[in-house]
Amino acid sequence: MKRLFIGLLICIAFVAEASAQSLRIEGQVGGCAECWARGDRTKVEFGTAEDLLKAQSCVANGDPTLLAVREGDKFTLYQLEPAKFRLPGKNWLEFIGKRVAVSGVVHANKAASVIRVDSLEVLAPSLAEQETSRVIGQEVELTLKDPFGTPQGLAGLKGRIVVLNFWATYCIPCRKEMPDLAAIQNEYAALGVQVIGASTDESEDRAKVLQFVKEARINFPIWLGATTADMMRFALGGALPGTVVIGRDGRVAKVISGVVNQADLKKQIDAMLASAERTAAKERKQQREQIAKQTAGEVSSVPS
């Protein structure tokens, strides 16, 4: 009887293993179920800057990451779990919003269908990445007013590296990143780097903005009257905070949705300064060579 029972267990295990075939499915990594359900995804594509910011928060809180697979007019959500596939980081965050193809075994738990991922291939970038790629290398003009009502614009800052930060007094993450931006201003001002704070507060909140500037000891210019439309032209969407790094030529070099990472921002600025120095050194060398050729020509033309 005992042998028969063991044999039955072996048969059940064999059948279960045989039925657990590895599948290849394509879909979009969409964060948690709440992130995905914020819109009708048959009509509104997931993956904007706002979507990614919301998903980042969910992932940071430990929510499971889901793969949305379209089936007609509906989506089936699969919870992603690593198997043979090794995550490049601690979670699936860098894949949020991307279209991917995964292969692995699907099984069900109490909450959802789970796919244990053996391999993953990125098929397309997120909507936010596509929007960012269109603005990188482009000049995007922005003209606002300073607290005294004087128009200020990016055009007047050409020749400097500009860190343009969109923020508001009511935005708690914005307040938290202000010391990091002030530190960047302190460290890099002498090297031709200028931080600008573009406030999205309403015009009637000017006094509140000025009070915050005073209390936070902000050491860089503040412009007022920024709008969601302004942010969207920089591929930031409408979620605060957002930061754009602009090169000395006035072209967008980096778009950062969410709170800045001071170390990463410094690396970006250092790379841009080093590149600018290489370009300047090359131009100086070309000028010296041109002068030498002209001098040699003048000498050779003098009659003996």
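Considering LYS90, LYS176, the condition of being open to solvent by 80 Å² or more (accessible area, probe 1.4 Å) and either among the β-branched types (Val, Ile, Thr) or free of Cβ contacts under 8 Å to residues at least 60 places away in the same chain (or both) is satisfied by LYS90 alone. THR169 meets the conditions (1) surrounded by 20 or more Cβ atoms within 10 Å (Cβ to Cβ); (2) touching a residue at least 40 places away in the same chain (Cβ under 8 Å); (3) touching an Asp or Glu at 6+ places or on another chain (Cβ under 9 Å); (4) not charged (D, E, K, R) in every case but one. The failed one is (1). With the condition kept exactly as written, say whether any residue in the stretch 138-155 is farther than 18 Å from LYS254 by Cβ, in a helix (DSSP H, G or I) and free of Cβ contacts under 8 Å to residues at least 40 places away in the same chain. No: the stretch 138-155 contains no residue that is farther than 18 Å from LYS254 by Cβ, in a helix (DSSP H, G or I) and free of Cβ contacts under 8 Å to residues at least 40 places away in the same chain.
Conditions (1) small (Gly, Ala, Ser); (2) farther than 30 Å from VAL44 by Cβ, marked per residue:
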{"position": "GLY153", "(1), (2)": "yes, yes"}
{"position": "LEU164", "(1), (2)": "no, no"}
{"position": "GLU177", "(1), (2)": "no, no"}
{"position": "ALA198", "(1), (2)": "yes, no"}
{"position": "GLN211", "(1), (2)": "no, yes"}
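Considering each of GLY238, GLY242 in turn, give the residue that is over 30 Å from THR279 (Cα atoms), open to solvent by less than 60 Å² (accessible area, probe 1.4 Å) and under 19 Å from the mean Cα position of the chain (by Cα). Only one candidate qualifies: GLY238.
Pairs needed: first member in the stretch 95-108, open to solvent by 40 Å² or more (accessible area, probe 1.4 Å); second member anywhere, outside any strand (DSSP E or B) and at pLDDT 95 or above; C-beta distance under 7 Å; at least 6 residues apart or different chains. Taking only residues 6 or more apart or on different chains, not a single pair turns up. Among the residues making up the stretch 52-66, those that are aliphatic (A, V, I, L, M), part of a helix (DSSP H, G or I) and either touching a helix residue (DSSP H, G or I) at 6+ places or on another chain (Cβ under 8 Å) or open to solvent by 60 Å² or more (accessible area, probe 1.4 Å) (or both) are LEU52, ALA55, VAL59, ALA60. Annotation note: Cβ proximity below 8 Å between a residue of the stretch 59-74 that is touching a residue at least 24 places away in the same chain (Cβ under 8 Å) and over 17 Å from VAL114 (Cβ atoms) and a residue that is part of a strand (DSSP E or B) and among the small types (Gly, Ala, Ser) (sequence gap 6+ or interchain) occurs for ARG70/GLY27.
Rundown of residues vs (1) in a strand (DSSP E or B); (2) of a type in the set (Asp, Glu), yes/no style:
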| position | (1), (2) |
| --- | --- |
| GLY47 | no, no |
| GLU50 | no, yes |
| ALA68 | yes, no |
| PHE75 | yes, no |
| PRO88 | no, no |
| GLU94 | no, yes |
| ALA101 | yes, no |
| VAL106 | yes, no |
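Each residue in the stretch 250-278 was checked for being open to solvent by 60 Å² or more (accessible area, probe 1.4 Å) and under 19 Å from ARG134 (Cβ atoms), and 2 pass. Among all residues of the stretch 31-48, there is none that is buried (at least 22 other Cβ atoms within 10 Å of the Cβ), over 19 Å from GLY238 (Cα atoms) and in contact with a Lys or Arg (Cβ under 6 Å, 6 or more places away or on another chain). The residue list LEU181, LEU127, LEU120 contains one member that is at pLDDT below 95, closer than 23 Å to GLN56 by Cα and buried (at least 17 other Cβ atoms within 10 Å of the Cβ), which is LEU127.
Only a single item in (1) farther than 16 Å from ILE196 by Cα; (2) of a type in the set (A, V, I, L, M); (3) at pLDDT below 95 is not met by LEU273, and it is number (3). Scanning the stretch 58-72 for residues that are modelled with pLDDT under 90 and under 14 Å from ALA37 (Cα atoms) yields a single hit, CYS58. Looking only at the stretch 137-147, residues that are exposed (fewer than 13 other Cβ atoms within 10 Å of the Cβ) and β-branched (Val, Ile, Thr) come to 0 in all. For the stretch 190-199, taking the residues that are within 17 Å of VAL244 (Cα to Cα) and out of contact with any Gly (no Cβ under 8 Å at 6 or more places or on another chain), the one that is most open to solvent (accessible area, probe 1.4 Å) is identified as GLN194.
The values are calculated or read from the model by the stated rules, or taken from the named source; none is laboratory data. Keep in mind it's a predicted model, so treat the numbers as computed, not measured. Cβ sites come from the backbone with ideal geometry, for glycine too, and all protein chains shown count toward neighbours. Accessible surface areas use protein heavy atoms only, side chains included; no ligands, DNA or RNA. Shrake-Rupley method; radii C 1.70, N 1.55, O 1.52, S 1.80 Å.
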